[in-house]
Each structure stands twice: as structure tokens, then as C-alpha cells.
Amino acid sequence: MFIKVPKGTQDILPEDISKWYYVEDIIKEILSKYGYKEIRTPFFEYTDLFVRGIGESTDIVTKEMFTFPDRKGRSLTLRPEGTAPVVRSYLENSMDRISKVIKLFYLGPMFRCEKPQSGRFRQFNQFGIEIIGPKAPAADAEVILTALDIYKKLGLKNLETAINSVGCKKCRANYIQKLKKYLKDKKDFLCSECKERYDKNPLRVLDCKKDSCKKNIEQAPLIIENLCQECELHFSEVKSYLDDQKIIFHVEPRLVRGLDYYTKTAFEIISGELGAQNAIAGGGRYDDLIEELGGKPTPAVGFAAGIERMIITMEQQKVGWPPKKGLDVFVVKVNEKIKDTAFRLLQEIRNAGLSADMDYSGGSLKSQMRIANKIGVRYTVIVGEEELSKNLVILRNMQTKEQKKVKIDNLINELSP
Ligand code: HAM
């Protein structure tokens, strides 16, 4: 029996990799236009970073982390997200000394031990951005605009942008009191998870997808109606920046997100094509996180997006992919006696900067031509004994099917585009 990939993980096969390169190149192109610099943090961190950063009672920390001890018994965790590691690195490398505003992006695998389903994996790829420093609402708007700009360039359509404000420490504490008061006599009708959330993280009851909970929170007080003056002003400025940029969005007053670090703006971008796992991006402001992880109070805002979900949406929306790039040249040998000369020629072609390959399996001329056709090359260079004796090879243009004899000394010139 073959050993299979672990549950919730998948191979990205060579025939699909060009899609990933395409998406990643566009992400990097747009992010550099907005002034973001890439950061690469380790795939694992000390567990405490996520417990303190994401929040002890969140689903991610209580049930979804891949946590293991190192050989000295220190607890490590495969990163379930990128924000806490970026903040750790920001603090560890004293980035505040470099500039008052730091704009970073990351791209790579994240790990969550969730129940796999369509669009939900245990190892998935995210790209994300973090702006550390500014408290201005324009930064929140920029983060949303950046995400939408990338999706537009990729040709994604029919995306919904939902935004909310989850307030700050001050106004949220008051709101939570109100919410708990409202939920108190409904507690028995909530799902078992929400019963626990009532004590540990009552805000999360608001975005429970179970019908019984949804019904019971219909009349719950809304956080946007309980914001302090500062948070209310911030939220209205973010909305007016988006209006000014003609961004279509809706306020979703029950959007609270699954990570505890958010303050003020929270948002999600949703694709109707994805079914239950419909968020292709999510993010918001996290003005307290840097202080909670040991730094000076520093406001920040960011988002992350699942690349698998972007690619699934692009496929469902039949967004055109750029044509796959084949090789420039395939070297075909008429018989095995001249394989060494053919190999030398192949390296010469590669050394001249062209992409080239040949078949080492000793297949017939016909089967080598079949391979050349299958992998889609611009030219085949056919090496035959008779031609070699005159310092010639046959050059076949695979598109026009024209072939001619060319001098070996002149081959690179002939092949150059
Ligand atoms: P998040 O909402 O947990 O936020 O994840 C962001 C995106 O990652 C989701 O919208 C989704 O597209 C993708 N994603 C999450 N879990 C999975 C999964 N199991 N399988 C496939 N895709 C998934 C964060 O991670 C925050 N760090 C975002 C952020 C950055 N907030 C501020 N800065």
C-alpha cells in the first residue's frame, strides 16, 4: 500500500504550478506597488506566541494548532497564521527604529488542524500584509484596497466586502456586559460551543453559523451601536475612504472574526463560489497586539488571504490563465551511437541561455518526437550521423513544421528568438 499525503494536505503538482507562479507574481507586483517589503518568518514558533497573540480561548488556540515539544521539552507550534510571527519579528528586530511605519508582506504555508472540507485544509497557503505604526483610518482603507486591487488584477469577480468595527478595549468591555445580559436567559438554547463561549469569549457567539444560535442572537445588541466616540469616528472615516474609492461594501454588524487581537476595523472578503468556506481574505486593525507581546503601544492593521481559495474561485469563475511556457528546444538523436555528441549540444544550448531537454531512455526517433510534441517545445534539434559528419543538424520549427539543415556553429543564432 502506498503512503498517502496526510489528511487535509495536498501536493501542488507540476501541471498546476504555473497557476501558483502566476498568482504569486501578481501578488508581489501589486504589493511592491503599494510599498510592502517581504518578510519570511519560521514555519514554527514557540507556542506561547500564538496563545498570547491569537487568544487563549479562540478556536485556533484551543483546538486547531499543531503543537509538539522540541528535544528539550519546549513547546513549539506550526504557525497557524502570520500576524503574531510578524509582530514577534518586528519587536525582536527593533523595526520601530528603522521607520515609524513598517509595511510588510508574507506568503507561505500556514497550519491548522481543522476538519478538512472543500476550501479548508490543514496546510494552506496565505499571503498577508501588515502595516505597523499608523493609527490613521486611511491605513485600514489601504489594506482593503490592496486586497481588492490584487483580486481585480487576477480577474476575480462578484466578491463581497463585509466590514465591521469591533471597538477598542474600552467600548468593547461595556458592550460585552450588554451582550452577556442579553444572552443570559438564552444561554440554554445556544449550541454547546456557544455555551462555553458565553463565559470565555461571548463576542464569538455572534458569528456562530448554527441555526439555533443565529435565531437567538437576532435581537442582540450590536457593537457598532455601542462604540465609543473615537471608534465611531474611525469607522466612519474608513467607510468614507472606501466610498471615495467607489468600493462596494456592506457593514456586517455581527462580523467578529476568529482571532482575539482585533480592535476597531474588522473585514472579510467573500466569494459566493466557495460554499461554506467562503472567506477569501480577512483582516483588520490590531492596536493592542504589539503591546500585549511586550512592545510599546503601537497601532497596526493588516489582512491575510488563502491562496488555495483564490485559485478555486478563479477556476470556478473560469478566469483565463496565461499559456503554459514550454521549453525552447528538445534535442532528438537518431540513434544511441551519437548520444554523447547530442548531450554536448544540449548543454551548449542551455549554456547559451535557452531552455532545453532530451530523452535519456533510449527511445526511438518517433518516441522522442512524441515527447517533444507533448511537452510543447519551440524547436527540435535532430542530431543524425550523416549530418554530423558535415557539421550539420536538422532544425525543426514545431509550430510551422518547417525543417532545415543548419551549421552547428550557427545553431544558437538560429534558435535565438
Ligand atoms: P484568518 O481569517 O484566520 O485571518 O485567515 C485569513 C484567510 O486565510 C481566510 O480568509 C482564508 O482565505 C484563509 N484560510 C484560513 N484558514 C484556512 C484553511 N484551513 N484552509 C484554507 N484557507 C484558510 C488571519 O489569519 C489573520 N492573521 C489575518 C490578518 C492579518 N489580520 C491582520 N493581519
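Read-outs: derived from the displayed coordinates by stated rules, not from any lab. Predicted model, so just to flag it, every value in this text is computed and none were measured. All Cβ positions, even for glycine, are placed from backbone atoms using ideal geometry, and neighbour counts span all protein chains on display.
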Exercise. Given N residues in the stretch 10-67, what is Rg(Cα) / (2.2 N^0.38 Å)?
Worked result: 1.60
Exercise. How far, in nm, would the chain grow between Trp20 and Glu414 when pulled straight, counting 0.36 nm per residue and subtracting the alpha carbon separation?
Worked result: 138.6 nm
Problem set entry | Loop sites in the stretch 200-265: GluC sites (Glu not before Pro), DSSP, at most 14 other Cβ within 10 Å | Glu218
Seminar exercise, completed: XL table Lys100/Lys239; Lys33/Lys170; Lys19/Lys169; Cα-Cα > 32 Å flagged, in table order, is Lys33/Lys170; Lys19/Lys169
Problem set entry | For a label point 7 Å along the Cα-to-beta-carbon line of Ser355, residues of the stretch 371-409 with backbone N under 11 Å | 376-378
Exercise. Straight-line reach from Lys401: which lysines have Cα under 21 Å away, leaving out those fewer than 8 places along the same chain?
Worked result: Lys324, Lys325, Lys333, Lys366, Lys374
Seminar exercise, completed: If unit charges are put on Cβ atoms (+1 for Lys and Arg, -1 for Asp and Glu) and the dipole of the chain is taken about its Cα centre, the option from Gly108, Leu227, Phe249 lying farthest towards the positive end turns out to be Gly108
Exercise. Cα convex hull of the stretch 263-312: mean projected area in nm², to one decimal?
Worked result: 4.1
Problem set entry | Dipole magnitude (debye, nearest 20) for the stretch 1-76, charges at Cβ of Lys, Arg, Asp, Glu | 280
For this session: Divide, for the stretch 190-306, the radius of gyration over alpha carbons by 2.2 N^0.38 Å, where N is the residue count.
Result: 1.16
Exercise. Relative to the longest principal axis of the chain, what angle (0 to 90°, nearest 10) does the C-alpha long axis of helix 229-244 take?
Worked result: 40
Problem set entry | Alpha carbon centroid spacing (whole Å) that separates the stretch 25-102 from the stretch 113-143 | 11
For this session: Please sort by residue number the chymotrypsin sites (Phe, Trp or Tyr not before Pro) in the stretch 326-415 whose DSSP state is loop and whose Cβ has at most 15 other Cβ atoms within 10 Å.
Result: Tyr360
Seminar exercise, completed: Rounded to one decimal in nm, the spacing of the 7 Å Cα→Cβ label points at Asp48 and Leu222 is 4.2
Exercise. Under 18 Å from a point 7 Å along the Cα-to-Cβ line of Glu291: which residues of the stretch 129-166 have their amide N that close?
Worked result: 132-137, 166
For this session: Please express the Cα-Cα pair-distance distribution P(r) of the stretch 267-417 as a list of whole percents, one per 10 Å bin, running from 0 to the bin with the greatest distance.
Result: 10, 27, 15, 10, 14, 13, 8, 2
Exercise. Based on the alpha carbon coordinates of the chain, what radius of gyration and maximum Cα-Cα distance (Dmax) apply, in Å?
Worked result: 27.9, 96
Exercise. FRET efficiency for Lys37 and Lys153, Cβ-Cβ distance as r, R0 = 22 Å, nearest 0.05?
Worked result: 0.65
